[in-house]
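The structure under discussion appears below in the form of structure tokens.
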Amino acid sequence: MTRNMKVLGLALFGALAMYAVAAQAAFAVDHQFKVGAAGAEITAEADPTSGGIQKFTPVGAGISLECKVVHLTGKQAVAEQDTLTLTPQYSECTAGGTFPVTVTNVGNTGAGETKGACSFVFDSDTSANGSTSGKEDAPVDIECETGKSIEIHIYANASDHANNIPICTINVGAAKNQGLNGIKFTNRATTGKKEEVTAEATVHKVHYSSTGPLCALAEVAETGTAVYEGNATVRAIGTDATLTT
């Protein structure tokens, strides 16, 4: 009897393992970022077809932060790879459509140039797990230099903006911002027959912290989560400038 129970137990374990593998295959789809040539420079900018607005909304806050311009840069070392790392810079930003905002992403200076403190690491693989859009989407990580973050400075007026006197600063770093679902990639061909990718972001649970005398008035929590929304066109730069997923 004991031997039969052991055999039955092994059979059940094997069946469950096969089910788990099948379920994973059903929910996850492998992709690669592909460029025409290794070492291609990659750039991404706000998609003009969507109005180009990038929106960061702290959950429960009384305001949203919006930027009209986003520019991301990076490089793809090999022709095909699973992840793509891009460093963002934002401009023309406001809070609640009224208050001036500056977003800074400045890292340590190295090799004679200033680099971004934080980057977005996009995964090409998609999954229905954790999707907030009802569609298959891909995850993104935020990676930062030690002690660094993307800083969102909110100002009461133009004068305070010019004198760099913020009323609230929101910091978005690497802590707890790994594997955030909500990126959808779509391949498209341009009129020049060069392929590029549209990235649509609806990313929930972006963790942040805040400091400043008037953060509470805008109902921005000291620590909390936010929703990031925005579209961008991602393309390779060069003679064989194609990018697909």
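What does the charge add up to near S210, with Lys and Arg as +1, Asp and Glu as -1, over the other residues with Cβ less than 12 Å from its Cβ? Numbers along the way, then the final one.
Details: positive: none; negative: E151, E219, E222.
Within the 12 Å Cβ shell, the charges total -3.
Between T223 and H204, what length in nm is gained on full extension when 0.36 nm per residue of separation is reduced by their alpha carbon distance? Intermediate values should be presented prior to the final figure.
Values: separation 19, 0.36 × 19 = 6.84 nm, distance 1.49 nm.
My answer for the length gained is 5.4 nm.
Which ordering of T169, T186 is given by a fewest-first count of other beta-carbon atoms within 10 Å?
Values: T169 18, T186 11.
By the 10 Å Cβ count, ascending: T186, T169.
Taking a straight line from the alpha carbon of K148, these aspartates and glutamates sit under 18 Å away, with near neighbours fewer than eight places off in the same chain left out: E113, E222.
Bear in mind that the values in this text are calculations on the coordinates, not laboratory data. Quantities reported herein were computed from a predicted structural model and do not represent experimental measurements. We place every Cβ from the backbone using ideal geometry, glycine too, and count neighbours over all the protein chains shown.
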